[in-house]
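Trainee: Starting off with a structure, shown below.
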Amino acid sequence: MKIDSHIHFWKYHPVKDAWITDDMKVIQADFLPNDISPVFKENNIDGCVAVQADQSEAETHFLLQLADENDCIKGVVGWVDLRAPNLDERLNYFSQFKKLKGFRHIVEAESDAAFLLQEDFCNGIKKLAKYNFTYDILVADAQLKTVAAFVKKFPEQRFVIDHLAKPNIKQSDFLTWEAAIKAIATYPNVYCKVSGLVTQADWNHWKTTDFTYCLDVVTIAFGVERLLFGSDWPVSLLAASYHESTTILQKYYAAFSTKEQENFWGINTMRFYNL
């Protein structure tokens with residue numbers, strides 16, 4: 001079974017989705033399950049995990065409604081205010097939704113490079129394991145150096161790094177990223193999504209070999225058993241079609257054993273998110 005661990009859905013609104021700038025016109029549109037269903041069929045994908053793109057509980061409910069209406073959505077990663085004083089109440093409320101598997105915060109947009117280590121945020125993370133919720137770590141260069149210290153605090157919490165922590169593929173500058181990702185991978189409760197590669201490269205001039213070094217690093221660091229296939233559709237459309245994005249990974253992992261490939265393409269995602 002092939003499961004895409006990282007899909008977004010939205011009804012485009014220029015204010016709510018202001019992060020979609022004018023150089024991203026291709027994704028200044030609605031993207032819903034009906035749009036991805038034929039793409040899944042063409043690429044032999046059996047389902048997906050829908051991940052939040054807006055930081056509101058309304059977004060969480062929006063994705064849960066889509067999941068109820070569309071069997072292809074096997075799980076949801078929503079948003080909740082992890083710093084809220086009534087977090088226990090909110091987590092208890094959200095625990096009733098079987099397809100809600102975990103939460104994410106868009107940490108890469110925070111001005112504080114040490115946001116992950118803030119006391120109120122960490123107090124929120126402490127509460128997730130009680131409800132069996134996962135946490136997706138979305139960071140960029142500014143926050144990357146704090147991730148290892150962050151995950152070290154929570155050995156019982158299931159974490160997954162989104163988009164390989166966004167290595168600078170366009171500039172081929174991997175020194176700081178590589179050291180950080182290797183440190184993070186030493187914690188066995190942390191997984192990594194092999195997703196969003198093309199958007200970290202030159203959108204118009206990338207080639208398959210641009211991604212080999214970073215794929216080597218994460219595959220050796222985490223092992224195939226802790227890597228999750230993800231597309232980051234529709235954001236990935238900025239640089240490639242769904243088929244082009246997946247073909248990069250098909251070529252890279254073609255030499256691995258059948259079991260390793262099955263783990264990467266679906267079993268690891270099913271296990272991590274308890275699908």
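What follows is calculated from the coordinates using simple rules that are stated; it is not laboratory data. Source: prediction; values computed, not measured. Here the Cβ is made from the backbone with ideal geometry for all residues, glycine too, and neighbour counts use every protein chain on show.
Trainee: Under a point spin-label approximation (7 Å from Cα along Cα-to-Cβ), what is the Phe97-Ala142 distance to one decimal in nm?
Mentor: According to this spin-label approximation, the distance is 2.8 nm.
Trainee: What FRET efficiency comes out for the pair Glu42/Arg271, r = Cβ-Cβ distance, R0 = 25 Å, nearest 0.05?
Mentor: In this case the efficiency is close to 0.45.
Trainee: Listed highest first by mean packing, meaning other Cβ atoms within 10 Å per residue, what order do 180-188, 193-201 come in?
Mentor: Highest mean packing first, the order is 193-201, 180-188.
Trainee: Please give the charge dipole size of region 160-275, origin at the Cα centre, charges +1 on K and R Cβ atoms and -1 on D and E Cβ atoms. Round to the nearest 20 debye.
Mentor: So the dipole magnitude of region 160-275 works out to roughly 160 debye.
Trainee: Here is a follow-up. Pairs of alpha-carbon atoms within less than 8 angstrom and 6+ residues apart define the contacts here; what relative contact order does the chain have, in percent?
Mentor: 20 percent
Trainee: Let me ask another. Output needed: percent of Cα pairs per 10 Å distance bin for region 47-152, bins running from 0 to the one holding the longest distance.
Mentor: So the P(r) values, bin by bin, are 15, 47, 31, 7.
Trainee: Something else now. Would you mind calculating the gained length between Asp23 and Ala58 on full extension (0.36 nm times residue separation, minus the Cα-Cα distance), in nm to one decimal?
Mentor: Full extension from Asp23 to Ala58 adds 9.9 nm.
Trainee: Taking all pairs of distinct Cα atoms, average 1/r, flip it, and tell me the Kirkwood hydrodynamic radius of region 183-228 in Å to one decimal place.
Mentor: 11.6 Å
Trainee: Follow-up question, since we're still on this one. Provide the FRET efficiency to the nearest 0.05 for the Thr186-Asp216 pair, computing r from the beta carbons and using R0 = 25 Å.
Mentor: After rounding to 0.05, the efficiency reads 0.90.
Trainee: For region 251-262, take each phi angle, set θ = phi - 60°, evaluate the Karplus expression 6.51 cos²θ - 1.76 cosθ + 1.60, and give the result in whole Hz per residue in order, putting x for glycine and proline.
Mentor: With the stated coefficients, region 251-262 comes to 5, 5, 8, 4, 7, 7, 5, 4, 5, 5, 5, 4 Hz.
Trainee: Which cross-chain or sequence-distant (5 or more) residues have an amide H under 5 Å from the amide H of Asn168, H modelled 1.01 Å from N in plane?
Mentor: Answer set, sorted by chain and number: Asp173.
Trainee: So, one more: Taking every Cα atom in the chain, find the radius of gyration and the maximum pairwise distance Dmax, and write them in Å.
Mentor: 17.4, 50
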